[in-house]
Amino acid sequence: MKILLLMSSVPDTTSKINFTDGDTKFDENGIQWVINPHDEFALTKAMQLKEKHGAELVVLNVGTAKTEPVIRKVLAIGADRAVRIDVEPTDSYFTAVQIADYINKHPEFDLIMAGKESIDFNGGMVHGMAAEMTNKKFVNAVIGFEMKDGNTVEVSREIEGGKETIETTLPLVIGGQKGLVKEEELRIPNMRGIMMARKKPLEVLPAVEAEVRTKIEKFEKPPVKGSIKMIDKDNLDELIDLLHNEAKVI
Amino acid sequence: MSILIYAEKQNGKVSKGAKELASYARAYADKTGDQVVAVGFSLENPEELFQYGVNKVLNVTNDKLKDFNAFAYSHVIKEAVDKENSKMVLISSSNDSIYAGPIIAQYIDAGYVSNVISLPEDSDHFVVKRKVFTSKGIAYTAILTDKKLLRISKNSFGIAEKAVDGSVEEFNPPVDLSVYDEYKVVNVEKVTGKVPLTDADIIVSAGRGLKGPENWGMIEELADVLGAATACSKPVADLGWRPHQEHVGQTGKQVAPNLYIAVGISGAIQHLAGVNGSKYMVVINNDPEAPFFKAADYGIVGDAFEVVPKLIEKLKAYKANQ
Ligand SMILES: Cc1cc2nc3c(=O)[nH]c(=O)nc-3n(C[C@H](O)[C@H](O)[C@H](O)COP(=O)(O)OP(=O)(O)OC[C@H]3O[C@@H](n4cnc5c(N)ncnc54)[C@H](O)[C@@H]3O)c2cc1C
Ligand SMILES: Nc1ncnc2c1ncn2[C@@H]1O[C@H](COP(=O)(O)O)[C@@H](O)[C@H]1O
């Protein structure tokens with residue numbers, strides 16, 4: 001089996017978010033970059049499949065050279081090799097075209113694993129668009145994945161207030177999330193992995209021409225909350241009054 | 001021309017999300033003079049959408065299409081877009097719609113923007129605000145294509161009644177049902193009878209400050225009084241005190257209710273990442289230095305075991321007087 005992991009490199013969850021250049025750019029100063037958390041669940045599942053069924057695991061990232069430390073981390077955790085398409089992924093459609101182009105040129109992948117969304121721009125679309133562009137079936141928000149006989153797989157996805165289990169076949173694109181593997185199973189690189197990762201191939205490919213369909217013109221911070229109103233614990237009527245008359249939520 | 005919404009159902013009826021989409025579409029249509037058209041699948045009460053400004057509901061009655069399938073549904077939506085000459089399509093941020101979003105975008109060749117929280121600034125220069133960085137930023141995003149697909153952020157626009165005269169049409173375009181051949185839903189598990197977390201107007205959430213699972217009775221009671229859903233912090237789910245579906249935050253569910261009540265939760269940044277889209281937040285914590293107080297609208301310093309039962313009594317009295 002051949003597995004392709006789509007990985008986006010994102011600011012660590014505790015990062016302070018700021019903007020520069022007259023609020024037109026994300027301020028990368030002091031940002032710690034990590035594997036997108038949803039992709040991390042997919043990565044661990046990919047490692048488990050590799051260990052159980054034997055598979056080659058290739059990680060694909062669309063990004064500039066600054067994503068390489070994070071790509072190396074994926075290699076240290078256990079991916080066999082990496083491919084980076086050398087361009088700044090500014091628009092989801094543009095990024096999906098790059099991924100689809102790679103997949104179309106490498107039709108040997110049975111399973112393409114992604115996260116359900118990148119936690120930077122929260123698009124939730126790149127993997128789905130790439131699936132559609134390459135004519136592959138796609139399941140999103142995946143919280144369970146098991147191989148059955150031959151090409152058949154059982155996939156569970158999160159639905160409102162529950163889960164749905166689907167029987168389908170490879171090739172397939174999935175968008176993973178928390179639940180796909182247990183949190184305590186998530187892997188971190190060990191020393192040996194880090195040493196080995198240095199020798200694993202990381203191929204850099206040029207981007208292909210593609211349309212850009214959306215463009216961010218400027219950023220702003222969400223409005224700051226007015227200062228908190230403290231209510232005495234012995235005066236809960238005041239809270240009820242505020243919730244009713246000021247917030248109008250009850 | 002028209003604005004098309006995908007009107008999801010909940011227990012067979014028009015969902016809350018669909019009403020919010022209708023309200024958004026109506027507000028925009030009032031500026032542009034477009035028609036608002038909804039596509040629904042076996043909706044039991046399509047007429048209810050007229051209340052929120054929908055001029056026409058295309059109701060798919062083909063029994064095979066009763067249950068959601070991202071590919072089949074996206075095909076139907078594309079057919080509706082062609083038939084109604086829609087330039088803009090709106091979907092909600094439910095799991096189903098998030099799943100179908102990129103597929104619809106490809107089928108109709110649209111620029112697609114997620115987590116939209118505002119109406120377009122003007123139609124010549126089509127720019128919408130959307131939430132990015134898990135609600136820590138807002139990006140003004142232009143859509144450069146002719147057709148536009150917007151995924152509206154839950155609870156960010158609100159529901160507004162604006163009744164219009166409408167019509168319901170049965171809509172059964174030919175759809176290639178072979179997509180079901182190699183894609184079969186074999187099981188569905190749903191928590192019934194409870195308000196789904198991501199759909200709730202009010203959420204009562206509790207953290208490690210509650211000391212143990214045996215103390216959740218008062219949290220459930222508070223939720224009952226308010227008609228709220230219950231949630232919890234990550235350690236609470238990890239300790240097995242509460243089911244994992246209740247875990248909210250960076251690694252759990254993202255919620256955006258009108259009111260979020262946090263009891264005995266410290267307010268770590270990863271927790272806030274999942275809840276800071278809430279309109280109003282109330283914090284009950286016995287530590288006046290708890291970080292959550294910096295993010296909330298109303299705060300009470302006190303012991304949860306004292307404050308919550310009192311609050312339940314007060315709310316019961318308030319509700320009885322309504
Ligand atoms: C990568 C990563 C992802 C994470 N994702 C999430 C996530 O998605 N969601 C999440 O919630 N956390 C997440 N966390 C964990 C997060 O950092 C915090 O550890 C967690 O939110 C703390 O939970 P808590 O507030 O319930 O517990 P605590 O931090 O232990 O806080 C308990 C609070 O209860 C108060 N308290 C104690 N007794 C009482 C009483 N009698 N009455 C009133 N108040 C009382 C205390 O003052 C304290 O503020 C994540 C962490 C990491 C590193
Ligand atoms: N630049 C990228 N390179 C590789 N994969 C990506 C990239 N951006 C997004 N993806 C994948 O697509 C998923 C959804 O991303 P998004 O649409 O950006 O929210 C992510 O979880 C990744 O698996």
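General observations
- When both bridge partners sit in segment B:1-142, DSSP labels roughly 40% of those beta bridges antiparallel.
- Sequence ranges B:286-295, A:159-168, A:94-103, ranked by mean other-Cβ count within 10 angstrom, highest first: A:94-103, A:159-168, B:286-295
- In terms of the mean number of neighbouring beta-carbon atoms within 10 Å, the peptides A:73-79, B:310-316 order highest first as A:73-79, B:310-316.
- Restraint check, A:LYS137/B:LYS129; A:LYS182/A:LYS221; A:LYS116/A:LYS215, Cα-Cα greater than 25 Å: A:LYS137/B:LYS129; A:LYS182/A:LYS221
- Put simply, chains B and A cover up around 7000 Å² of each other's accessible surface, both sides summed, when a 1.4 Å probe is used.
- Among beta bridges that DSSP assigns inside the protein assembly as shown, antiparallel share in %, nearest 5: 35
- Percent of alpha-carbon pairs separated by more than 22 Å within segment A:2-218: 48
- In nm, spacing of pseudo-spin labels at A:GLU184 and B:LYS162 (7 Å Cα→C-beta vector): 5.3
- Sparse-neighbour loop sites [GluC sites (Glu not before Pro); segment B:217-262; at most 14 other C-beta within 10 Å; DSSP]: none
- Other residues with beta-carbon under 11 Å from the beta-carbon of B:LYS194 carry, at +1 per Lys or Arg and -1 per Asp or Glu, a net charge of -3.
- Between the alpha-carbon centres of segment A:152-166 and segment A:41-108 there is a gap of 24 Å.
- Excluding ligands, DNA and RNA, the accessible surface per residue across chain B is 39 Å² with a 1.4 Å probe.
- Expressed as a whole percent, the accessible surface of chain B that belongs to carbon and sulfur atoms is 47, based on a 1.4 Å probe.
- For peptide A:162-171, the mean count of partner chain Cβ atoms within 10 Å of a residue's Cβ comes to 5.
- Cα gyration tensor shape for chain B, rounded if a/c is under 1.5, else prolate or oblate: prolate
- Cross-link table A:LYS178/B:LYS9; B:LYS194/B:LYS314; B:LYS294/B:LYS314; B:LYS190/B:LYS319; A:LYS25/A:LYS136, entries beyond 28 Å C-alpha to C-alpha: B:LYS190/B:LYS319; A:LYS25/A:LYS136
- Taken residue by residue and averaged, Cβ atoms of other chains lying within 10 Å of the Cβ of A:138-149 number 2.
- Within the accessible area of segment A:64-146 (1.4 Å probe), percent carbon and sulfur: 49
- Partner shielding of A:214-226 amounts to 6, given as the average count of beta-carbon atoms from other chains within 10 Å of each residue beta-carbon.
- Net charge dipole, the protein assembly as shown: roughly 1060 debye, given to the nearest 20, about the Cα centre with Cβ charges of +1 for Lys and Arg and -1 for Asp and Glu.
- Computed [θ] at 222 nm, deg cm²/dmol, chain A (DSSP H ≥ 4; -39,500 (n - 2.57); rounded to nearest 500): -7500 deg cm²/dmol
- Each distinct pair of alpha carbons in the protein assembly as shown adds a 1/r term; the inverse of their mean, the Kirkwood radius, is 24.6 Å.
- Normalised per residue, the accessible area of chain A is 44 Å², obtained with a 1.4 Å probe and no contribution from ligands, DNA or RNA.
- Gyration tensor (alpha-carbon) shape descriptor, segment B:197-320, a/c threshold 1.5: rounded
- Placing +1 on the Cβ of every Lys and Arg and -1 on the Cβ of every Asp and Glu, with nothing else charged, gives segment B:197-320 a dipole about its Cα centre of roughly 160 debye.
- Subtracting the Cα-Cα distance of B:ASN85 and B:GLU313 from their residue separation scaled by 0.36 nm leaves 76.6 nm.
The values are calculated or read from the model by the stated rules, or taken from the named source; none is laboratory data. Since the model is a prediction, treat every value here as computed from it, not as a measurement. Neighbour counts are summed over all protein chains in view; Cβ atoms, including those assigned to glycine, are modelled from backbone coordinates with ideal geometry. Accessible surface is based on the protein model in full, side chains and every heavy atom, while ligands, DNA and RNA are left aside. Shrake-Rupley method; radii C 1.70, N 1.55, O 1.52, S 1.80 Å.
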